[in-house]
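Here is the structure we will look at, set down as structure tokens.
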Amino acid sequence: MSAVVHDALPGRRIGTGWTRPELGSETVALLVAAYLALACNGAFWSAVEASGSLGAGAGAGAAITVASLFVMLTAANWLLLCLLSGGRTTKPVLTVLLIVSAMAAYYMRAYTVYLDPDMVRTILHTDGKESRELIAPGMVASVLTFGVLPALALWRVRIRRRPPGRALLIRGAVLIAAPALLAAAALVSFQDVAALLRNHREIRHLATPGNYLVSLARVLAEDGTAKNRSREPVGTDAHVVAAAQRPPRLLVIVVGETARAQNWGLDGYARQTTPELARIAPINYGEVTSCGSSTEVSLPCMFSPYGRRDYDKDRIRRSESLLHVLDHAGIATLWRDNQTGCKGVCDGLPFESYEHADDPAFCDAEGCRDEVLLQGLERRLDRPGDQVVVLHPIGNHGPSYYRRYPAGFERYTPACRDAELGHCSREEIVNAYDNALLYTDHVLARTIGLLAARPDRQSALIYVSDHGESLGENGLYLHGVPYAIAPRTQTHVPMIAWLSPAWLAQDGLDAACLRERARQPASHDNLFHSVLGLLDVVTSVYDARLDLFTGCRRPALANAGAG
Ligand SMILES: [Zn+2]
């Protein structure tokens, strides 16, 4: 009795034993590693099961493969956690990882998000408004259950203090033991594991927390080196060779957001989601493939001379864009943005953000609808010289499609009015998505109307979406699935072109020929060269074979036009 009282007095030994166990930091890391492999990798385990790589005989063979994958994942996590934490940093670092992993697990399960470097870059560049839309009650419950609860348990543990030499020795042993354990587990089911990693390489982007930690390190390293380097010049020889009497040209490029061809009225969707454009009847490109399945990939790619056919992310990011080539040629450019910026495409060139504009007609505290981008656009038509204006609307950005259009465009009902798509039926989600397309149709038609009202100018509009969207097909939502395995819904995008009659006549462009060409396959790779061709830019980086217009110039007229 007296011994208990005596122990309690200094306050040191209260709550010892099983309620506050004392463990080495490596043991704590191993327990958290195993917990993460079990509780925060639902998407990984589903993908393993769906891959069909669990041995032909199933049964015992499959169980052994699953067991070795579990040991591999735990060993990999253990290694990472021991590299990132230790001693006094153990609890804070592991707490952050538990909570972030629970969050990641929720999105990977709910939307099949692959946390590769492109996705991590997207997340890092997401603004406050977009992220607020992603905080759903389901996510909060998931983080509390799978992140906060184990973190509270973690803080009950007392980390054993060790003399520095001994601590270093144990840490070193674990840094050797963890990879050895990983290798041994892989050898046990070598056939199945090798087949899985060979045939389904993208599964590694589902293994948490390694997926986001490795991706984050790569993005920070890439962005760090990119920042310290000025862009490699592209097309510095560019100049305009046009007929002497040609009036100034205004080209508006609208980089659409998350519009997919499957729901595009002009592409034959059962619903007429593009009624206003249908009346205008622009040239409609029905077979266009995007460069990426996310804004972060597609945007720099479609404005680069390399495109998807020579895809090299680093080279694209460190090189100048189409807009810089136009600038070299003396053509004024302007980027008008209603979302998260031009992703380096307009670096050093005029840029206007409408994201936080306060026009009460189009904006509220949550942001602006896309018509805000047309403010004062007609005044641009009065400026002398050729110019290119890029409009970057918020388009069909999800998951809150219902926020993208005014009430008058809610034609398809009931529309999902919940940022958590899991709370809506597929029909409601598609209704909201289609309503947002109706509004995009209206914005595009209004833009063309502004240009057409000035027959004294030569003007044109090109609209192309950056990528598509999954609306529940095969359990997928949103976009950003790694390009190699991205479904067609995420890469088949709408594209239109409209040219003023004066422009068509000046270039001797044959409308029937253009419409015929528009039925053939095209891609984001065509944008760079088609824009240069349309604006009579002569440069060594122009490739006529990728110009969607040049093959439709009537030779006699084209020659006369070139003077
Ligand atoms: Zn996008």
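Values computed for the structure shown
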read-out: Residue selected from segment 460-487 under the condition modelled with pLDDT of 95 or more and away from the ligand (no atom under 16 Å from the Cβ), by the criterion nearest to LEU115 (Cα to Cα); value: ILE462
read-out: Number of the condition not met by LEU277 [criteria: (1) crowded, with 24+ Cβ neighbours inside 10 Å; (2) within 16 Å of the ligand (Cβ to nearest atom)]; value: (2)
read-out: Identity of the residue in segment 220-268, surrounded by fewer than 20 Cβ atoms within 10 Å (Cβ to Cβ) and within 18 Å of the chain's Cα centre (by Cα), that ends up nearest to LEU381 (Cα to Cα); value: ASP223
read-out: Pair list, Cβ < 6 Å and 6+ apart or interchain, from segment 106-134 residues that are of a type in the set (S, T, N, Q) and assigned to a helix (DSSP H, G or I) to residues that are at pLDDT 85 or above and surrounded by 21 or more Cβ atoms within 10 Å (Cβ to Cβ); value: THR122/SER294; THR122/GLU296
read-out: Qualifying residue in segment 289-306 (condition: more than 26 Å from ALA522 (Cα to Cα), away from the ligand (no atom under 16 Å from the Cβ) and modelled with pLDDT of 95 or more); value: no
read-out: Any hit, segment 501-520, residues being surrounded by fewer than 23 Cβ atoms within 10 Å (Cβ to Cβ), among the polar types (S, T, N, Q) and farther than 17 Å from ASN284 by Cβ; value: yes
read-out: Whichever residue in segment 135-148 is in a helix (DSSP H, G or I) and touching a Leu at 6+ places or on another chain (Cβ under 9 Å) and, among such residues, is surrounded by the fewest Cβ atoms within 10 Å (Cβ to Cβ); value: VAL148
read-out: Every residue from segment 359-374 that is farther than 18 Å from ASP441 by Cα and in contact (Cβ under 8 Å) with a residue 60 or more places away in the chain; value: GLU366, GLY367
read-out: Residue ID - modelled with the lowest pLDDT, chosen from residues in segment 167-221 that are polar (S, T, N, Q) and in contact with a helix residue (DSSP H, G or I) (Cβ under 6 Å, 6 or more places away or on another chain); value: SER189
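Every residue, every condition in (1) assigned by TED's automatic domain parsing to the domain that holds ARG308; (2) in a helix (DSSP H, G or I); (3) among the charged types (D, E, K, R); (4) within 16 Å of the ligand (Cβ to nearest atom), yes or no:
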site	(1), (2), (3), (4)
GLU428	yes, yes, yes, no
ALA432	yes, yes, no, no
LEU437	yes, yes, no, yes
THR440	yes, yes, no, yes
MET495	yes, no, no, yes
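The values are calculated or read from the model by the stated rules, or taken from the named source; none is laboratory data. Quick caveat, the model's predicted, so the values are computed rather than measured. Backbone-built Cβ (ideal geometry, glycine too); neighbour counts: all protein chains shown.
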